[in-house]
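Encoded as structure tokens, the structure appears first; notes follow it.
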Amino acid sequence: MLTTFLSRGEVVRHARALHLLRELREAFVAQARDGASSTLSLDVPGPHGATALRHATLASIPAWSLTVRSVLRADARGSGAALHLYDGPSGRLLATMDAGHLGTLSQSVVGALAVDALARSEAAVVALLGGGPIASNALKALRLVRSLQRVTLFDPDLVSSTSQALALHQALSVPVRACESAEEAVAIADVVVLTGRVRLPSDALRDGAHVTVMSAEQHAEAPLPDAVLGRARVFSEQRAPALPWAPRDVRALGEVLDGRAEARPTANALTIFLATTPPVVDLVAGWHVFEGARHDEALTRVDLDG
């Protein structure tokens, strides 16, 4: 059996966001329906920083994944992350690929999937709280599920957010405006995406809004006011995510995608999605790339048993 090796550029070439959106939808539905996955996450301390290990299986995929992420210096080249796919029956290594771009893409696609399921169907105005690459990728993924009319962006660094707003406008042909406050940014938003350390203002959301918290597991404290969390329907990729500040009744996104749970009781209800990107997302994304690259003769393949 040959093992396939994929660099970042090769992963980018074989990753298809729209197809991944469909595959993640199917995986979350299967999870909610019959618990068709198992996952394990470990943080291993070391002399050069912590290393995160993430393992996942899914009944519909004949392989299991192990993702390794290391903490790198800010000026380091590369992502410090690799995803390994192993054949389920034999345990042989099928593929090793860079997981930097794949992780960013997966996170953004999951966020878009949540908006598609939880936001109002007519939602077309988006507010980004926190700038940088996460905000850009989240907005680009949202175009898979919504026709956007207007985008507002707030980041404490107004110079940087103004530059980013201009770049996003030019890249996406959507009006994007940098705001001087978070309150201004969310005032007319149908969808609010928290992508950084910007806290959601209390009592600033319009009726019927949806809020997605990207990388929710990285927040030691709630980035949302208690009053907002208390009156909203809260969802995540799975029930009871390991977040110390999350409310007790967190529903699984797959239950809405499967039609077994209602996203919002009324059009004016508030919904929140806490994106934690569990290990099963790594497996679905890695298998997606592996399947797409099967017939790419330019890839490096090695017989490790030879």
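A few remarks follow.
- Computed over the alpha carbons of the stretch 159-306, Rg followed by Dmax gives 19.5, 64 Å.
- Largest to smallest principal axis extent of the C-alpha atoms in the stretch 39-139, angstrom: 48, 39, 20
- Cα centroid of the stretch 229-301 to Cα centroid of the stretch 15-39, whole Å: 8
- Counted charge near LEU94, where neighbours are those whose Cβ lies closer than 11 Å (Asp, Glu -1; Lys, Arg +1): +1
- Charge dipole (the chain, unit charges on Cβ, about Cα centre) - positive-most of ALA263, SER38, SER236: ALA263
- Take the Cα radius of gyration of the stretch 217-262 and divide it by 2.2 N^0.38 Å, N being the number of residues; the result is 1.19.
- Cβ-defined net charge surrounding ASP249, 14 Å radius [Lys, Arg +1; Asp, Glu -1]: +3
- Antiparallel content of DSSP bridges confined to the chain, in %, to 5: 50
- Evaluated with a Cβ-only charge set (Lys, Arg +1; Asp, Glu -1), the chain carries a dipole of roughly 260 debye about its Cα centre, given to the nearest 20.
- A dipole drawn for the stretch 119-277 from +1 and -1 charges on Cβ atoms has a positive end, and of SER202, LEU144, PHE154 the residue lying farthest that way is LEU144.
- Backbone phi angles across the stretch 196-211, fed through the Karplus curve with coefficients 6.51, -1.76 and 1.60 (θ = phi - 60°), yield HN-Hα couplings of x, 8, 7, 8, 5, x, 6, 6, 9, 6, 7, 4, x, 6, 10, 10 Hz in residue order; Gly and Pro are listed as x.
- Distance histogram for the stretch 236-306 (every C-alpha pair counted, 5 angstrom bins, percent rounded to whole numbers): 3, 12, 15, 16, 14, 10, 7, 8, 7, 5, 2, 1, 0
- For the chain, complete DSSP H runs whose alpha carbons reach 24 Å or more along their own long axis and whose mean Kyte-Doolittle score is 1.0 or higher are 100-118.
- Taking label points 7 Å from Cα along the Cα-to-Cβ direction, SER121 and ALA187 give a separation of 3.1 nm.
- This ranking places ILE272, ILE134, ILE188 by how few other beta-carbon atoms lie within 10 Å of each, fewest first, which gives ILE188, ILE134, ILE272.
- Excluding the site residues themselves, the longest part of the chain lacking any trypsin sites (Lys or Arg not before Pro) in a DSSP loop with at most 11 other Cβ atoms within 10 Å is 78-247.
- For THR152, the amide hydrogen comes within under 5 Å of the amide hydrogens of VAL126, ALA127, LEU128, ARG177, counting only partners 5 or more places away or on other chains and with H modelled in the peptide plane.
- Scanning residues 5 or more positions from ARG251 or on other chains, those with amide H under 5 Å from its amide H are VAL234, PHE235, SER236, with H placed 1.01 Å from N in the peptide plane.
Read-outs throughout are calculated quantities, based only on the coordinates presented, and are distinct from any laboratory measurement. Source: prediction; values computed, not measured. As a convention, Cβ positions derive from the backbone with ideal geometry for all residues, glycine included, and neighbour counts pool all protein chains shown.
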